[in-house]
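Input: a single structure, listed below in structure tokens.
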Amino acid sequence: MESKLKPSELMAISVLLALLSLQNWANATPQVPCYFIFGDSLSDSGNNNKLLTSAKVNYPPYGFDFPQGPTGRFTDGRTIHDFIVKRLGFKDYMPPFADSEGKNILNGVNYASGAAGILDATGYHRGGRIPFNEQIKNHKIIISRITDLMRNDSATKLHLSRCIYSVQIGSNDYINNYFKSALYHSGRRYTTQEFANVLIEQFSVQLKTLYDTGARKFAVYGLGLIGCTPDALSVYRPDGMPCVQKLNDGATPFNERLKPLLDEFNRNLTDAKFTYLNPSGNPAGLVTNSSCCQTGGGDGELCHPNSKPCRNPRQYLFWDGAHPTEVWNEMIAKSAYDSEKPEEANPFNIRKLAMQVMPLSFEKHRL
Ligand SMILES: *[C@@H]1O[C@H](CO)[C@@H](O)[C@H](O)[C@H]1NC(C)=O
Ligand SMILES: *[C@@H]1O[C@H](CO)[C@@H](O)[C@H](O)[C@H]1NC(C)=O
Ligand SMILES: *[C@@H]1O[C@H](CO)[C@@H](O)[C@H](O)[C@H]1NC(C)=O
């Protein structure tokens, strides 16, 4: 269709565009007012440091490529969410809940905890951890602190409704529960299909609880290929194969159930948006079958304390036996933020999630 604008209209539009870009340039405010992070070791940035647990990494060589050194991030450098918040225009990374204070919490908080799962029992053999249910409770504590800071209930609700809520959890419900049959019943009690149902049922309640606290923009990640980690290869020794099929197949029903769950939320909760993100990609050119650091810490899959890592982490997919390097995290962050492929971001990427404008049902109710 050809546009039929009068010269005066064209002029008005170009002035408007110039003003808009000037405004963007002048005050580089983030695309959303805040970003909250729920999850496990893939997202943890220090919440486990003070817990009594074998799932913590506040020691070298973790943080090898991070300016502040070891922080509790389970990687050599930045996590997926560190990259995404920069793309969204935030100046700082989100503080871990464990040491969040002051006004920083207005921009968002990171609640993620290594070894945590959708189920409370998941990861218990590793010691202290903060399961998803408890992360949601911690978010409620933060909401009351934000309410105190803003001193205006409707402004607080508006603020919370515009934030992005990132949820990446579930791997431990397999690695540190279902597939640890010496320690957990679930692997004997359920088929993989039944177990996916148990997880999805619980996850559905948890996401709805987050919605009830005022969350409206959800970025929810599926599970990656849990059978392709160096740790999985060393434990299961799949005889020349690049991955442990049993583990990957075990987790597949979860992803298959998660997509329709999010579709259902999008239909039911019309004032909210849920998007599905796939944390796998093409590792072309990277070493995938061994870790960069020398493992042996934690449950065997973490880096050995103070060990010397490989010379070039940028050539590896895995930093330790279970967690990717920052090179891989950056690739996944780029795809989550920008990808137009429905198999990577569905129905939209984080850039578009940030742009969504939703009707505010709680404002209508006040009238
Ligand atoms: C509270 O916030 C709302 C929404 O931002 C605003 O319209 C209202 O004027 C504020 N009230 C006070 C007392 O500042
Ligand atoms: C969506 O609404 C239907 C009908 O009320 C309900 O049965 C279903 O549980 C809801 N789904 C979710 C994910 O809340
Ligand atoms: C990893 O893969 C490479 C290339 O396929 C192979 O040469 C090497 O032996 C493998 N390393 C291990 C630890 O399996």
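The values are calculated or read from the model by the stated rules, or taken from the named source; none is laboratory data. Note that the structure is predicted; figures quoted are calculated from it, not measured. A quick note on method: Cβ atoms are made from the backbone with ideal geometry, for glycine too, and the neighbour counts reach across all protein chains shown. Areas reflect the complete protein model, heavy atoms only, side chains present, ligands, DNA and RNA absent. Shrake-Rupley method; radii C 1.70, N 1.55, O 1.52, S 1.80 Å.
A quick yes/no check of all residues on (1) assigned to a strand (DSSP E or B); (2) aliphatic (A, V, I, L, M); (3) within 20 Å of Asn176 (Cβ to Cβ):
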{"site": "Ala196", "(1), (2), (3)": "no, yes, yes"}
{"site": "Phe203", "(1), (2), (3)": "no, no, yes"}
{"site": "Leu207", "(1), (2), (3)": "no, yes, no"}
{"site": "Leu210", "(1), (2), (3)": "no, yes, no"}
{"site": "Gly214", "(1), (2), (3)": "no, no, no"}
{"site": "Phe218", "(1), (2), (3)": "yes, no, no"}
{"site": "Leu223", "(1), (2), (3)": "no, yes, yes"}
{"site": "Asp239", "(1), (2), (3)": "no, no, no"}
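Only strands (runs of 3 or more DSSP E) whose full extent lies in segment 253-332 are considered here, and the ones with at least 1 residues that are within 15 Å of ligand 3 (Cβ to nearest atom) and open to solvent by 20 Å² or more (accessible area, probe 1.4 Å) are 287-291, 295-297, 316-318. Inside segment 79-112, residues that are part of a helix (DSSP H, G or I) and polar (S, T, N, Q) make up a count of 2. Applying the condition of being among the small types (Gly, Ala, Ser) and crowded, with 16+ Cβ neighbours inside 10 Å to segment 239-252 and asking which residue is nearest to ligand 1 (Cβ to nearest atom) yields Ala251. If we scan segment 30-39, do we find a residue that is under 28 Å from Tyr316 (Cα atoms), outside any strand (DSSP E or B) and in contact (Cβ under 8 Å) with a residue 24 or more places away in the chain? No, segment 30-39 contains no residue that is under 28 Å from Tyr316 (Cα atoms), outside any strand (DSSP E or B) and in contact (Cβ under 8 Å) with a residue 24 or more places away in the chain.
Cβ-Cβ distances below 6 Å connect the following pairs, each with a first residue in segment 151-169 that is open to solvent by 40 Å² or more (accessible area, probe 1.4 Å), a second residue that is assigned to a loop (DSSP other than H, G, I, E, B) and not small (Gly, Ala, Ser), and a separation of six or more residues or different chains: Arg162/Val32; Arg162/Pro33. A count restricted to segment 182-208 and to residues that are under 23 Å from the mean Cα position of the chain (by Cα), open to solvent by 10 Å² or more (accessible area, probe 1.4 Å) and closer than 16 Å to Gly123 by Cα stands at 0.
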